[in-house]
Structures are given as structure tokens and as C-alpha cells.
Amino acid sequence: MTDEAAVLLRIGIFGFVVAVVYWFISYEPLGTLGFLVLGAGPAFAGSYLVRHQPWQLESRWAAFRRLAGIPDRDPDVRAELADEDLGVLPQLTVWPFFLGLGVTTALTGLVFGFWPLIVGLAMAATGAAGWQSAVNREQRQRQLAGPRGAGPDQR
């Protein structure tokens with residue numbers, strides 16, 4: 001089973017379970033039908049992918065693990081990768097949240113009036129500018145530090 005098929009089957013199972021729960025809570029047929037369609041479409045696509053994939057021998061546990069979304073165990077290669085620079089994670093910053101809050105406020109302003117739109121656009125612009133300055137500052141710090149493990153005479 002591929003990861004794509006597993007995701008589609010999980011969405012299908014979710015739709016069917018929610019349809020049953022929704023029916024017993026509300027006895028409302030249209031919403032139940034909507035949840036059944038939500039479950040039937042991805043479940044059909046996932047079962048199609050499972051049926052038409054190239055044949056692979058996979059144990060039942062591996063198929064269940066993939067369907068449940070449990071990741072594979074990481075291989076033990078830490079000693080081999082200890083000297084490599086695998087990448088740099090960005091520093092923590094509040095600016096992406098501020099940008100998202102501004103965009104949300106601006107979109108809310110499209111519904112509720114002019115002033116939330118103006119405030120949201122200002123917040124989004126401030127968030128974008130702050131995020132860009134944080135990225136630039138981080139890039140400058142990385143350039144000043146040089147490559148990992150390089151001494152002053154090796155730069």
C-alpha cells in the first residue's frame with residue numbers, strides 16, 4: 001500500500017465514522033449523506049490505488065502501520081551523518097503568526113467593513129516586513145559564522 005492510498009483510506013474511514021455518529025446524534029439525512037459522500041469518494045480512490053499498484057510483498061503489520069499513519073523506525077545512521085551539515089533550522093520568531101493574524105483580520109474585514117480590512121492589511125504588512133528582516137538577520141549571522149567547523153584561517 002502506498003502512502004497516498006493510506007491517506008485516502010484514512011479520510012474515507014473518517015467520513016464513514018462521522019456519518020454514523022452524526023446520524024445517531026441528529027437524525028438528519030442530508031448531513032449524513034454529505035458525510036457518507038465525504039467517506040465514499042476518498043475511500044474509492046484509495047481502494048483503486050491499492051488495487052492497481054505494482055505488486056509488492058508487504059506484511060499485514062506493515063500495511064496496518066501505513067494505514068494507521070505510524071511512521072517507519074529511523075535507521076541507526078547517526079555515526080555516519082555526525083560530521084555532515086544536514087541543514088539549518090530557522091530561529092523561532094513571532095512574525096509568521098503576526099502575518100497570518102493580519103491576513104485573517106483583513107479577510108474578516110471583507111465581510112464586516114472597511115476598518116478591519118485596513119487594520120488587517122497593516123498587520124500583514126508589518127508581519128511580512130518583520131519576518132523578512134528576521135530572515136535577513138539570520139542570513140547575515142550565518143555568513144559571519146562561516147562553514148561549520150572552519151577555523152579563522154580556513155575561512
Next item on the list: Let me know the shape class of segment 9-64, please: from the alpha-carbon gyration tensor, a ≥ b ≥ c as square roots of the eigenvalues, rounded when a/c is under 1.5, otherwise prolate if a/b is greater than b/c, or oblate.
Entry: oblate
Notebook entry, point to check: Quick one: which of 95-103, 113-121, 135-143 comes out on top by average Cβ neighbours within 10 Å, and what's the full order, highest first?
Noted result: 95-103, 113-121, 135-143
Note to self: From the phi angles alone, apply the Karplus equation (6.51, -1.76, 1.60; θ = phi - 60°) to segment 13-30 and give each ³J(HN,Hα) in whole Hz, x where the residue is Gly or Pro.
What the structure shows: 4, 4, x, 5, 5, 5, 4, 5, 4, 5, 5, 6, 7, 10, 6, 9, x, 5
Next item on the list: Would you work out the charge dipole size for segment 1-66 about its Cα centre, treating the Cβ of every Lys and Arg as +1 and the Cβ of every Asp and Glu as -1, and quote it to the nearest 20 debye?
Entry: 200
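Every number in this text was worked out from the coordinates using simple rules, so none of it is lab data. As the structure is a prediction and not an experimental result, all values here were calculated from the model. Every residue, glycine among them, receives a Cβ derived from its backbone with ideal geometry; neighbour counts consider all protein chains shown.
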